[in-house]
Amino acid sequence: MRRFRFSPALPKTPAFTPGDGLILLGLVTILYAGTRLAFNAPVVIAGPHISLSPLALPWYALFSVGRMMAAYFLSLLFSLFYGYAAARNRTAGTVLMPLLDVLQSVPILSFLPVVLLSLTTILPEGFAAELAAIVLIFTSQAWNMTFSFYQSITTIPNELREAAAIYRFSFWLRFSTLELPFAAIGLLWNSMMSWSGGWFFLMAAEIFHVGARDFRLPGLGSYLQTAANEANLRAIVMGIASLVLVIIFLDQFVWRPLIAWTDKFKVEMAEGGEPPASWFFEMLSRSWLVKQFRARVRRPFSTWIDGRLRRLSNGKVATPKVVPRSRRPSWTRIVPASIFAVAALYGIYRTATLLLTLPAVAWGQLGIGLAATLARVTVSLLIAMLWTIPVGVLIGTNRRWANLLQPVVQIVAAIPATALFPVLLLVLLQTANGLNISAIALMLMGAQWYLLFNVIAGAAAIPQDLRHTTDLLRLSSWDRWRTLIMPAVFPYIVTGAITASGGAWNASVVAEYVEFGGQTHTTAGVGALIAQATGRGDYALLLAATLALASVVVFINRTFWLRLYRLAEERYRME
């Protein structure tokens, strides 16, 4: 029988490692280089007119889905390569996982001005705006998928690893028959979450203002943003309705068939009671054309790919050479390291010069803002955990409730909270501390879905034989939660909490600084400082706030979340 292994001790994890320092130095250099390029961007950039006609909605939906698809495929490739390298190579993992902490902690909306203005100096305006929008959506999709794939690879049961080693699986055979199938359920649910996160930031990606520069792209996001700015309730309703139709279409023709397909990858010794169903998947399974395509195209192509990759992976297996300690480093290592060191030192010097131009008052405001935003992020994360864990377990373990709630969750999660935020403000601004409450609410809407989708994935992956065992032992609800459900979903909760906290920090940029009804509403917070610096073109404050926020998030991840990751890896591995 499978069990959850409990380890008596947990290795101590330092708050910061030398790899963290190198990563932060590189980040400082890149941000400064982008900021310097932004200084040379055109002074005034006027975007295309966004039509609020209903006839434009089908085209806008097509444009938005195209950008989302491009960003998703980039995110999927990034997650597979990055997560696999970090999980399979300890040396690479010591650099890649701290780097991922830094990347997911950088506020997306403070990163966009640097990327967008830098690209406009070297690329045509329209292409630069399209590329920047895809990059922004990519950064809202990639991190949770990468964390999920990494968590799945590191928690594969030991008996499965040993079986792969005994049968001498090559790299490709182990990846295609063990690691990728084991991670498929978590990766699928996080893919759905990535699309929801992409919709959340679509409004910011397709219409963006930096000082006098106005960047616009035709799409559902720019349509909703324009309708909200003009207080056109009819256009807002039509835009949200179009978005809901797109989400329902994707649910029926993409996500539900994939959920039904990935159910076969569950690790269990007993057949599940009621597998997930999809009418479109069933129709495709019985289709003669699909069978012919599978037999004549997909299967021969897959066999050819498998053969090629197996030969390549087998050809690379070799006994590593023992390098004497007295051997000097080769020039291939010295030259790149020296170039990186010189670039990093110059970037640090120029960054420090730029940051020294900030007055002491700005640094004081930055400290207060970090503390205020941290408090809001903590509150929103605790509220999210209170309801996402029970609801996620209910959806993941009960097929009847899953069929009822899963489409609702996908639709609600995919509706951009920024489109509903003006309605929320109308109500809350009339109350005391209304903006603080609305800021927490918007952070909650930007963070809770990361937790929910990960908990659903963890609950859905619980083997059916373990559920039958708890039924035979007649465990109470509390004992079942304590001995089976919580240990099984704990790694997924940690993964979801890390990405949810990153989503809350990112949402602070639009939650703490709001332009509504011709007035600007702001509250103390680092997100408000980033939004103000972006609007004024104050690159020194923007750089300082971005680096401070990233440093705080990395510190929290390394001192708190990483310990929970180690706990999940050591104590709650199913085997």
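Which peptide among 548-560, 523-535, 472-484, 58-70 comes first, and what is the full order, when sorted by highest mean count of other Cβ atoms within 10 Å?
Output ranking for 548-560, 523-535, 472-484, 58-70: 523-535, 548-560, 58-70, 472-484.
If eta is 1.002 mPa s and T is 20 °C, what Stokes-Einstein diffusion coefficient results for the range 123-260, Kirkwood Rh from Cα pairs, in µm²/s?
For these conditions, the coefficient is 120 µm²/s.
Please give the per residue accessible area of the range 507-559, computed with a probe of 1.4 Å over protein heavy atoms only, in Å².
That works out to 31 Å² per residue.
By per-residue mean of other Cβ atoms within 10 Å, what is the highest-first order of 290-300, 243-253?
Packing order, densest peptide first, comes out as 243-253, 290-300.
For Ile368 and Thr303, what does the FRET efficiency come to when R0 = 60 Å and r is the distance between their Cβ atoms, rounded to the nearest 0.05?
The pair Ile368/Thr303 has a calculated efficiency of 0.45.
Kindly rank 488-501, 176-189, 383-396 from highest to lowest mean number of other beta carbons found within 10 Å of each residue.
Packing proxy ranking, top to bottom: 488-501, 176-189, 383-396.
Would you calculate the separation in nanometres between label points at Glu159 and Thr177, each defined as 7 Å from the Cα along the Cα-to-beta-carbon direction?
1.8 nm
Separation between the Ser338 and Ala70 pseudo-spin-labels, each 7 Å from Cα along Cα→Cβ, expressed in nm?
That separation, rounded to one decimal, is 4.0 nm.
Using a Förster radius of 30 Å, what is the FRET efficiency between Tyr167 and Val254 based on their Cβ-Cβ separation? Nearest 0.05, please.
0.30
Please report the relative contact order for the range 482-534, taking Cα pairs under 8 Å with a sequence separation of at least 6, and give it as a percent rounded to a whole number.
28 percent
The values are calculated or read from the model by the stated rules, or taken from the named source; none is laboratory data. Here the structure is a predicted model, which means the values were calculated and not measured. FYI the Cβ positions are ideal-geometry reconstructions off the backbone, even for glycines, and counts take in every protein chain you see. Ligands, DNA and RNA are stripped out before the accessible areas are found, and what is left, the full protein with its side chains, is counted by its heavy atoms. Shrake-Rupley method; radii C 1.70, N 1.55, O 1.52, S 1.80 Å.
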